[in-house]
Amino acid sequence: MNRWDSTPIIRFFGGRKLLYILGVLLIIGLNILVYAQVGFIFHPLLVFIETVALPIILTVVVYYLLRPIINLMESWRIKRIWAILITLLIVVGLITLLIVLIIPFLEKQFVSLAEELPRYLRDLINTMDQWLRDSFLGSYYSNLFQDVDGLLNQLPDLGNYATQTVEGITVFITTVTNVIIALITLPFILFYLLKDGHKLPAKIISLFPPKVRTEVDSIFRGIDHQLSAYIQGQIIVSFCIGVMMYIGFLIIGLDYALLLAAIASVTSVVPYLGPMIAITPALIISIVTSPFMVLKLAFVWTVVQLLEGKFISPQIMGKSLHIHPVTIIFVLLTAGHLFGVIGIILAIPGYAILKVFVSHMFCWFQRRYNRFTEEEDQYQIPEK
């Protein structure tokens with residue numbers, strides 16, 4: 001027995017392996033502390049990442065949507081460069097058709113809804129106010145309303161927030177500028193990614209030692225499968241939800257059906273939280289319209305969610321992600337708190353990538369030390 005393991009106190013705390021783990025954790029903590037003190041050195045790198053992040057994210061999404069089409073055209077013996085050009089021309093044509101035919105109609109509905117929204121909100125507030133006053137909570141509600149009025153009278157003048165307003169406008173302009181730059185650079189990055197993207201993993205794998213190239217290749221394949229399944233599946237599911245919502249809203253006669261269905265389709269990209277956000281404007285309009293419209297909206301929403309959960313998502317996305325719904329909710333809440341809207345959008349694919357990496361590293365650790373397999377064999381029940 002090793003002299004480290006022979007000491008009773010060391011054996012009590014797990015032996016030499018625990019000391020090794022604690023030493024590694026200590027070194028990692030010291031590295032984090034040192035890098036935190038000299039973080040200003042990495043500021044240019046952070047600025048570079050923030051600048052290229054949006055174009056790269058958009059390009060990766062479009063890449064995974066167009067890659068199956070490019071591969072299919074290649075199987076038809078069309079050269080890859082011509083397949084890319086033909087696909088991009090078709091995409092540009094579809095986007096132009098969308099802008100010419102659908103966007104003006106959506107714009108009219110959006111402008112009309114923006115003009116009518118104050119009236120909808122005012123009617124909703126009046127309806128809720130009257131209901132609360134007539135309910136058994138009427139006395140408590142009146143006292144609360146008086147307290148709120150007192151607090152509002154104590155608020156400082158809005159002029160004190162002029163500086164914050166200017167800063168908010170500056171941030172908004174910067175965000176819009178970054179989005180425009182990302183959209184302009186997207187076609188160029190996308191072309192080269194579609195042309196040489198399939199060669200990129202092999203180039204990166206060649207930088208690793210030969211002994212670990214098999215593991216790195218397996219990690220790349222797992223990440224590629226997860227991203228492909230999620231992006232392609234989520235876009236198709238969101239489109240199906242938008243179509244079903246539009247048909248349902250037309251059947252029940254809800255105002256602004258196309259705009260509300262488009263909002264539901266876009267927000268459905270975020271699992272669980274997206275549908276709750278999407279139903280809010282439709283719920284406001286239905287409440288103001290009539291109580292019966294609320295029941296019809298609830299019926300349409302329930303039917304669409306059941307169809308999506310029981311038939312569409314299992315058929316399109318299957319079980320590729322293997323993420324429990326509770327885990328998805330916690331990941332979304334944490335990512336939203338840390339990174340805002342971008343974090344919510346990227347939370348699930350980011351978690352899927354991290355899960356692939358961690359699972360492969362743990363399997364590699366098991367095979368390297370062959371420790372966990374031996375312990376499992378000790379607890380196997382012998383066959384009779």
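How many angstrom lie between the Cα centre of the range 85-132 and the Cα centre of the range 170-201? For the range 85-132 versus the range 170-201, the Cα centre distance is 26 Å. Ligands, DNA and RNA aside, Val100 has an accessible area near 90 Å² when probed at 1.4 Å.
Annotation for the range 262-346: trypsin sites (Lys or Arg not before Pro) lying in DSSP loop with at most 13 further Cβ atoms inside 10 Å of their Cβ are Lys319.
Legend: residues Arg221, Arg77, sorted from most to least accessible area (1.4 Å probe; ligands, DNA and RNA excluded), read Arg77, Arg221.
Ordered from highest to lowest accessible area with the whole protein assembly present and a 1.4 Å probe, Tyr20, Tyr35, Tyr351 read as Tyr20, Tyr35, Tyr351.
A cut-off under 12 angstrom between Cβ atoms defines the neighbours of Pro201, and their net charge, with Lys, Arg +1 and Asp, Glu -1, is +1.
The range 241-256 and the range 338-352 have Cα centres lying 29 Å from one another.
The values are calculated or read from the model by the stated rules, or taken from the named source; none is laboratory data. Here the structure is a predicted model, which means the values were calculated and not measured. Cβ: placed from backbone, ideal geometry, glycine included. Neighbour counts: every protein chain shown. We work out accessible area using only protein heavy atoms, side chains counted, and drop any ligands, DNA or RNA first. Shrake-Rupley method; radii C 1.70, N 1.55, O 1.52, S 1.80 Å.
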